[in-house]
Amino acid sequence: GAGVSQSPRYKVAKRGQDVALRCDPISGHVSLFWYQQALGQGPEFLTYFQNEAQLDKSGLPSDRFFAERPEGSVSTLKIQRTQQEDSAVYLCASSHTQREETQYFGPGTRLLVL
Amino acid sequence: KNEVEQSPQNLTAQEGEFITINCSYSVGISALHWLQQHPGGGIVSLFMLSSGKKKHGRLIATINIQEKHSSLHITASHPRDSAVYICAVIGMVGNEKLTFGTGTRLTIIP
């Protein structure tokens, strides 16, 4: 079956530009996570949805970062007025809602801000 | 100090060697994941465990909850095992977000 997909796979943005990153989770998965992975580092949590509800956004680094999942399936991570320090791989993962369920990761979107 | 620490950071071994990667964590957890990340590739979950030991093919993962420690072992290592291996934990409270270690870069030389 289809896994988690993300688009675009690569994005080059000029500093100050707004970008939108899309995540299509596995069908029926209730939980959706966004993570940010800087070069050479482990991923770090950004935000978490359970269906359409954003239950935790404590990892979003600034108010330039905004995420939504309006119908409880596809999610979009938007970054306004991008800065060079936003350059990273943005990973999306989904799972069933229970705590000890495996998270399935998408291939990531590699964002480069020039 | 990170909540999840891995060692070693880098590991180079000859094909066929037995590999051990260690993970220590400082918080109470409900589960621990071992993940594999190939260069330029996505992340694949290898194991999720909350106690004891799990085995899949040449991979074995163990966890000691009392000592807050887990190990990933690879038997009869092969060049295709070359990847970054990441330990990640789910805390006991809150949502199921993962807190990650910084990873161990494994290179297996033919």
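Residues of segment A:24-48 with accessible area at least 50 Å² lower in the all-protein-chain context than alone (1.4 Å probe)? With the partner chains in place, segment A:24-48 has these residues losing at least 50 Å²: A:Pro43.
Per residue in segment B:69-110, which ones lose no less than 30 Å² of accessible surface when going from chain alone to all protein chains (1.4 Å probe)? Output list: B:Asn95, B:Glu96, B:Lys97, B:Leu98, B:Phe100, B:Thr102. At a 1.4 Å probe radius, carbon and sulfur cover how many percent of the accessible area of segment B:1-77? Within segment B:1-77, the accessible surface is 48 percent carbon and sulfur. Peptide A:13-23 is shielded by partner chain Cβ atoms: per residue, an average of 0 of them sit within 10 Å of its Cβ.
Note: relative contact order over chain B, using C-alpha pairs below 8 Å and six or more positions apart, is 37 percent. Compute the label zone of B:Thr75 within segment B:42-68: residues whose backbone N is under 13 Å from the point 7 Å along Cα-to-Cβ. So the set is B:54-61.
Taking a ≥ b ≥ c as the square roots of the eigenvalues of the Cα gyration tensor, segment B:27-97 is oblate, since a/c reaches 1.5 or more and a/b is not larger than b/c. Here the simple spin-label model places points 7 Å from the Cα toward Cβ, and for A:Glu85 and A:Lys57 these points are separated by 2.0 nm.
Per residue, segment B:1-101 exposes 47 Å² of solvent-accessible protein surface, assessed with a 1.4 angstrom probe and all protein chains in place. For A:Ser5, the residues whose amide H sits under 5 Å from its own are A:Asp24, ignoring neighbours fewer than 5 places away on the same chain, with H placed 1.01 Å from N. With an a/c value of 1.5 or above and a/b larger than b/c for the gyration tensor axes a ≥ b ≥ c computed over the alpha-carbon atoms, the protein assembly as shown is described as prolate.
Taking amide hydrogens as placed 1.01 Å from N in the peptide plane, the amide H of A:Ala13 sits under 5 Å from those of A:Leu112, A:Val113, A:Leu114, each at least 5 positions away in sequence or on another chain. The shape of chain A can be summarised by an equivalent ellipsoid whose semi-axes, obtained from the alpha carbon gyration tensor, come to 23, 14, 13 Å from longest to shortest. Round to a whole number: what % of the accessible area of chain A belongs to carbon and sulfur, probe 1.4 Å? Carbon and sulfur together cover 47 percent of it.
Gain on full extension, evaluated as 0.36 nm per residue between B:Val44 and B:Ile65 minus their Cα-Cα distance, stands at 5.2 nm. For the chain pair B and A, the interface hides roughly 1800 square angstrom of accessible area in total, found with a 1.4 Å probe. Fully extending the segment from B:Ser82 to B:Glu17, taken as 0.36 nm per residue of separation minus the present Cα-Cα distance, adds 22.1 nm. In the context of the full set of protein chains, chain A has a per residue accessible area of 50 Å² (1.4 Å probe). Using C-alpha pairs below 8 Å separated by at least 6 residues, the relative contact order for chain A is 37 percent. Inter-part distance, segment B:45-76 to segment A:5-54, computed on C-alpha centroids, equals 28 Å. For segment B:64-74, the Karplus equation 6.51 cos²θ - 1.76 cosθ + 1.60, evaluated at θ = phi - 60°, returns couplings of 10, 5, 4, 8, 6, 8, 9, 10, 10, 10, 10 Hz by residue, with Gly and Pro reported as x.
The values are calculated or read from the model by the stated rules, or taken from the named source; none is laboratory data. Model, not experiment: these values are computed from the prediction. Reconstructed Cβ throughout: ideal geometry from the backbone, glycine too, with neighbour counts over all protein chains shown. Just so you know, the surface numbers come from the protein's heavy atoms only, side chains and all, with ligands and any DNA or RNA stripped out. Shrake-Rupley method; radii C 1.70, N 1.55, O 1.52, S 1.80 Å.
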